[in-house]
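The values are calculated or read from the model by the stated rules, or taken from the named source; none is laboratory data. These figures come from a predicted structure and were not determined experimentally. Note that each Cβ is placed from the backbone with ideal geometry, even for glycine, and that neighbours are counted across all protein chains shown. Accessible surface is based on the protein model in full, side chains and every heavy atom, while ligands, DNA and RNA are left aside. Shrake-Rupley method; radii C 1.70, N 1.55, O 1.52, S 1.80 Å.
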Amino acid sequence: MKKKLIWGSLIAVLITVLAIQRVEVTPNNSGVDSLDIMKGFPTSHRVKTLLQTACYDCHSNTTTYPWYAEYQPVGMWLEDHVEDGKKHLNFNEFLGYRPWRQFHKMEETVEMVEEEEMPMASYTWMHEGAKLEAADRESLVLWAKGVMDSLTHLYPKDSLVNPRKKK
């Protein structure tokens, strides 16, 4: 009886895994980057490389997918992860954000990089080249603070505060 139950469960799992392989995910490869942050703010070659290596897969319109992304449920998980990352910050659409949002996103970038919350461990585990050393983190933080400084010179101070949080 137990053997039949185990075999039945195993077959059900196998059928489910095979069935979800038919689910197609939409690749994040529009390549649309006309509003990319690097087009509006100076970026050194080092920082550009760091952004593209450690950030752009989840925070841009161009994701480089690993071979295993074609297999479900991994592909669905990656698609959800990328969509969530782009919802928080999309470097390819940065110049289209309102000034207060640009400023806030750079504040968050500084915080997340300094506290080693980005790039996420689940990403660097599979993307060894995305791991940031202390000097890399410092470069990204200095760059983000430079973007914030530029914003303070481009816009009036009150336009860099979320209007819903103004008092």
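Only Cα pairs under 8 Å and at least 6 apart count here; give the relative contact order of the chain as a rounded whole percent. Don't skip to the answer; put the middle values down first.
On the way: 148 pairs, mean separation 42.3, N = 167.
Normalised by residue count, the contact order of the chain is 25 percent.
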What full-extension length gain, to one decimal in nm, is calculated for residue 67 and residue 24 as 0.36 nm per residue of separation minus the Cα-Cα distance?
14.0 nm
Over the chain: helical MRE at 222 nm, DSSP H runs n ≥ 4 each giving -39500 (n - 2.57), nearest 500
-16500 deg cm²/dmol
To test your reading of the geometry: what angle, between 0 and 90 degrees and rounded to tens, separates the Cα axis of helix 99-114 from the longest principal axis of the chain?
60
Accessible area per residue in Å² at 1.4 Å probe, computed on segment 74-167
63
Which angle from 0 to 90°, rounded to the nearest 10, does the C-alpha axis of helix 134-154 make with the longest principal axis of the chain?
50
Expressed in nanometres to one decimal, the distance between label points 7 Å along Cα→Cβ at residue 3 and residue 97 is 6.1
Between residue 46 and residue 13, what's the calculated FRET efficiency when r is the beta-carbon distance and R0 is 30 Å? Round to 0.05.
0.05
Could you calculate the contour length gain from residue 124 to residue 107, that is, 0.36 nm times the residue separation minus the distance between their Cα atoms, to one decimal place in nm?
3.9 nm
Is the C-alpha gyration tensor of segment 54-167 telling us rounded, prolate or oblate? Criteria: a/c under 1.5 is rounded; beyond that, a/b larger than b/c is prolate, otherwise oblate.
prolate
Setting aside same-chain residues fewer than 8 positions from residue 48, which lysines have a Cα under 30 Å from its Cα?
39, 86, 87, 105, 131, 145, 157
Can you give the FRET efficiency for residue 153 and residue 81, using 1/(1 + (r/R0)^6), R0 = 45 Å, r = Cβ-Cβ distance, to the nearest 0.05?
0.80
Counting only protein chains, not ligands or nucleic acids, how are 6, 11 ordered by accessible area (probe 1.4 Å), most first?
6, 11
Quick one: Cα centre-to-centre distance for segment 20-97 and segment 100-136, in angstrom?
14
